[in-house]
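The values are calculated or read from the model by the stated rules, or taken from the named source; none is laboratory data. Note that the structure is predicted; figures quoted are calculated from it, not measured. Counting neighbours? That spans all protein chains shown, and the Cβs are built from the backbone with ideal geometry, glycine included. Protein only, heavy atoms only, side chains kept; ligands, DNA and RNA dropped before computing areas. Shrake-Rupley method; radii C 1.70, N 1.55, O 1.52, S 1.80 Å.
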Amino acid sequence: MKNIGIVPVVKNRGISPVVLAIAGFAAIVVGIHQGVLHVAPGYQGTINAGGEVPGRREWLLAGMGIIGIVGAAVAPWRKRLSVVPVAVGGIVLFEAFRTMFVAANGLRYPLYTETTYPFSGEPIMFIFGAEPFLLVAGGGFLVGAGIVGLRGRRTRENRDEMSSPSSRAT
């Protein structure tokens, strides 16, 4: 393994799957501390979507990110474990899209459409916050870590052949 700067690069494989998994975990952790919905800039109002302490869903998503890192770190020794970051990333992506669907259909007011707030009569617009987008990025990084781990393992197996095919001169 050769280090170039701060990003470990494996010879002929590009970025290490562990680096991608760590980036995915970081995106998930930052995402769970953001809000699902916000009031659009230029409008007054706030949405209090919960307390300061992460809930059960947020802890589970962070745990999924840790499992993805462990799977990517162990994958070079056990090829089958390269599937772990892919599966975990798929779960995070599913949760992000489910959250967006529930938020879009569970609101009394439409998203991305100016409407009048009934209590104040002021125009207001609800938009998605950073959380769903960061969860999608984190899930994508985890899926990418698993794919890079699978591809890197395959190329190493091809190079470790003991003998080359025989050539016959006729």
Self-check item: Residue within segment 112-130 that is in contact (Cβ under 8 Å) with a residue 40 or more places away in the chain and under 23 Å from residue 20 (Cβ atoms) present
Solution: yes
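Count, please, the residues in segment 30-74 that happen to be hydrophobic (A, V, I, L, M, F, W, C) and either in contact with a Lys or Arg (Cβ under 7 Å, 6 or more places away or on another chain) or at pLDDT 85 or above (or both). Give the steps one after another, and end with the answer.
Restricting attention to segment 30-74, the residues satisfying the condition of being hydrophobic (A, V, I, L, M, F, W, C) are 30, 32, 36-37, 39-40, 47, 49, 53, 59-62, 64, 66-67, 69-70, 72-74.
Applying the additional criterion that residues be either in contact with a Lys or Arg (Cβ under 7 Å, 6 or more places away or on another chain) or at pLDDT 85 or above (or both) yields 30, 32, 59-62, 64, 66-67, 69-70, 72-74.
The qualifying residues number 14.
Listed here are the residues, each with its yes/no results for (1) assigned to a helix (DSSP H, G or I); (2) over 25 Å from the mean Cα position of the chain (by Cα); (3) at positive phi.
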{"position": "96", "(1), (2), (3)": "yes, no, no"}
{"position": "99", "(1), (2), (3)": "yes, no, no"}
{"position": "105", "(1), (2), (3)": "yes, no, no"}
{"position": "108", "(1), (2), (3)": "no, yes, no"}
{"position": "113", "(1), (2), (3)": "no, yes, no"}
{"position": "121", "(1), (2), (3)": "no, yes, yes"}
{"position": "132", "(1), (2), (3)": "yes, no, no"}
{"position": "140", "(1), (2), (3)": "yes, no, no"}
Quiz prompt | Checking residue 135 against (1) at pLDDT 80 or above; (2) of a type outside the set (S, T, N, Q); (3) open to solvent by 30 Å² or more (accessible area, probe 1.4 Å); (4) within 22 Å of residue 89 (Cβ to Cβ), the condition it does not meet | solution = (3)
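When you scan segment 158-166, do you find a residue that is at pLDDT below 60 and either buried (at least 18 other Cβ atoms within 10 Å of the Cβ) or assigned to a helix (DSSP H, G or I) (or both), even just one?
Filtering segment 158-166 down to residues at pLDDT below 60 leaves 158-166.
After this cut, where a residue has to be either buried (at least 18 other Cβ atoms within 10 Å of the Cβ) or assigned to a helix (DSSP H, G or I) (or both) as well, the list is 158-159.
Yes, segment 158-166 has at least one match.
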